Amino acid sequence: PPGGQHLHIAAFDLARTPEGDFRVLAQRLQAPSGLGYLLENRLIIARQFPEAFAELRVQRVAGAFRGLLDGLLRASPGGADSRVVLLTPGPLNETYFEQVFLARYLGITLVEGSDLTVRHQKLYLKTLHGLEQVHVVLRRIDDEFLDPLELRDDSALGVPGLLQALRAGSVLLANAPGAGVLESPGLAAFWPAVCQRLL
């Protein structure tokens, strides 16, 4: 993929043990969600309990969101002036509110598959002023629905030709297709050794 990075966002399901430790129950890497919920939750809590929030010296999260966007722009084939979009399955999706909130906060365009088109192996956003090239797609659609030409031909969520544009290196897809294999519970036993090896 552009920038040589397959994973840009990772989400983890955590649980607290009776001893107070945290355990990772699962990881979400294919189309991870939750960043918008985190942000909205933080804003609501800060407004409702300002004294406690200040007293506890809660660390700000704005830097993490800025870091995410900066990282995507650094890896983008279009550079710092790239157009970034968040590809949503649409308003019937259970996390649509979170997707809308995140797109607004990041200042990126929220799009559905029908808002995009591929021409000459480049991805474009359809606008009232014509086609505008898209360089980065933050996706909330699972792999199999991304491109009806090459994957599920009955998908109305994806963009025909998206994988061609991806292979041509003209668009960055976060996360890259295939990342979902790392969500497999069958790999859980291997993660401690992988961590030791890589970290």
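Please give me, ordered by residue number, the GluC sites (Glu not before Pro) of region 45-141 that lie in loop per DSSP and have at most 12 other Cβ atoms within 10 Å. Please list the in-between numbers first.
On the way: sites: E51, E55, E94, E98, E112, E132; in loops: E94, E112.
Here the GluC sites (Glu not before Pro) that fit, given the DSSP loop and packing criteria, are E94.
Treating only the Cβ of Lys, Arg, Asp and Glu as charged (+1, +1, -1, -1), what charge dipole size does the chain show about its Cα centre? Round to the nearest 20 debye. Walk me through the numbers on the way to the answer.
Numbers: 19 positive and 21 negative charges, 125 e Å.
Magnitude of the dipole: close to 600 debye.
For region 1-74, rounded, prolate or oblate, judged on the Cα gyration tensor with a ≥ b ≥ c (square roots of eigenvalues), a/c < 1.5 rounded, else prolate if a/b > b/c? Present the calculation step by step, with values, prior to reporting the outcome.
On the way: a/c = 2.58, a/b = 1.33, b/c = 1.94.
Oblate, because a/c is 1.5 or more while a/b does not exceed b/c.
Per the 1.4 Å probe, what fraction of the accessible area of the chain, in percent, lies on carbon and sulfur atoms?
On the way: 6550 of 11950 Å².
Carbon and sulfur together cover 55 percent of it.
Amide H neighbours of L173 under 5 Å, at least 5 residues apart or on other chains, H built in the peptide plane: list them.
So L173 has HN proximity to V137.
At 1.4 Å probe radius, can you tell me the per residue accessible area of region 2-140 in Å²?
Details: 8500 Å² over 139 residues.
Normalised by residue count, the accessible surface of region 2-140 is 61 Å².
Between F97 and R23, what FRET efficiency comes out of the Förster formula 1/(1 + (r/R0)^6) with R0 = 30 Å and r the beta carbon distance, rounded to 0.05? Before the final figure, lay out the partial values.
Details: r = 28 Å, r/R0 = 0.94.
With R0 = 30 Å, the Cβ-Cβ based efficiency is 0.60.
The values are calculated or read from the model by the stated rules, or taken from the named source; none is laboratory data. From a predicted model like this one, the values you see are computed outputs, not experimental measurements. All Cβ positions, glycine included, derive from the backbone under ideal geometry; neighbour counts span all protein chains shown. For accessibility, only protein heavy atoms count, side chains too; no ligands or nucleic acids. Shrake-Rupley method; radii C 1.70, N 1.55, O 1.52, S 1.80 Å.
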